[in-house]
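Peer 1: Encoded as structure tokens, here's the structure I'll be asking about.
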Amino acid sequence: MISQEDSYRITVIFPRDGVDISYDEANKEITDLFPNAPEKVYTLITFKLKTGKKVRVEGYGWPYHNVDEPEMEKWLNENEPIFSGITLRDFFNGDRFALVYTENPELTKKKFNESNLPEPFKYPYGTEHSYDLARYYDPLPEANKDARRFRAALL
């Protein structure tokens, strides 16, 4: 049985080197979309995916049930439009994403920057994995190649 959850977390992961990011001070038209937000400087961050790139979405597709949020249930469970006929699936399949952040553009650029990420993980084994006995012996230290080093012992 799959249990329904009353809270939901969706993570959108952008491809490394696959997105162009712009940082602009949010204009009045944007800040008016958030009438209860305090008066301060906000940044509109726009993420534009490069050709052929897609975001990876984690957490989307789980059953959701929350009696206090019937509209959200429809967005998540029935693929109902959220705004202007756009569904979450449409949104995630798009190539442009926008986010409003509560800092000025200069500080926001320092925080939302690929250079803050660690290097991509790579196994230290190279990219050539076809079988070649000679190549597999090359990484072994010379001392380990000596047959006398690991003599068989009988107990």
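Peer 1: Would you mind calculating the gained length between N104 and L117 on full extension (0.36 nm times residue separation, minus the Cα-Cα distance), in nm to one decimal? Write out the running numbers ahead of the final one.
Peer 2: Numbers: separation 13, 0.36 × 13 = 4.68 nm, distance 2.09 nm.
Contour length minus the Cα-Cα distance gives 2.6 nm.
Peer 1: Let me ask another. Take the residue pairs K54/K74; K53/K110; K53/K74; K53/K122; K74/K122 and return only those whose Cα atoms are more than 31 Å apart.
Peer 2: Numbers: K54/K74 25 Å; K53/K110 24 Å; K53/K74 28 Å; K53/K122 21 Å; K74/K122 41 Å.
The pairs that break the limit, which is 31 Å between Cα atoms, are K74/K122.
Peer 1: Can you list the equivalent-ellipsoid semi-axes of the stretch 1-104, largest first and in whole Å, using the square root of 5 times each Cα gyration tensor eigenvalue? Mind showing how you got there, number by number?
Peer 2: Numbers: eigenvalues 142, 84, 30 Å².
Equivalent ellipsoid of the stretch 1-104: 27, 20, 12 Å, largest first.
Peer 1: Let me spell out the model: positive unit charges on the Cβ of Lys and Arg, negative unit charges on the Cβ of Asp and Glu, origin at the Cα centre of the stretch 11-115. What dipole size does that give, in debye rounded to 20? Walk me through the intermediate numbers first.
Peer 2: Working: 14 positive and 19 negative charges, 124 e Å.
Its charge dipole is roughly 600 debye.
Peer 1: Less than 17 Å apart at the alpha-carbon level, and either on another chain or at least 8 residues along: which aspartates and glutamates does that give for K40?
Peer 2: Reachable aspartates and glutamates: D24, E25, E29, D32, E103, E106.
Peer 1: The stretch 22-59: which GluC sites (Glu not before Pro) are DSSP loop and have at most 14 other beta-carbon atoms within 10 angstrom? Mind dumping the intermediate values first?
Peer 2: Numbers: sites: E25, E29, E39, E58; in loops: E39.
Answer in residue order: E39.
Peer 1: Test of understanding: ordering I86, I21, I45 by Cβ neighbours within 10 Å, fewest first, what list do you get?
Peer 2: Working: I86 11, I21 16, I45 20.
Exposure proxy ranking, most exposed first: I86, I21, I45.
None of the figures in this text is laboratory data; all of them are computed from the coordinates on show. As the structure is a prediction and not an experimental result, all values here were calculated from the model. We place every Cβ from the backbone using ideal geometry, glycine too, and count neighbours over all the protein chains shown.
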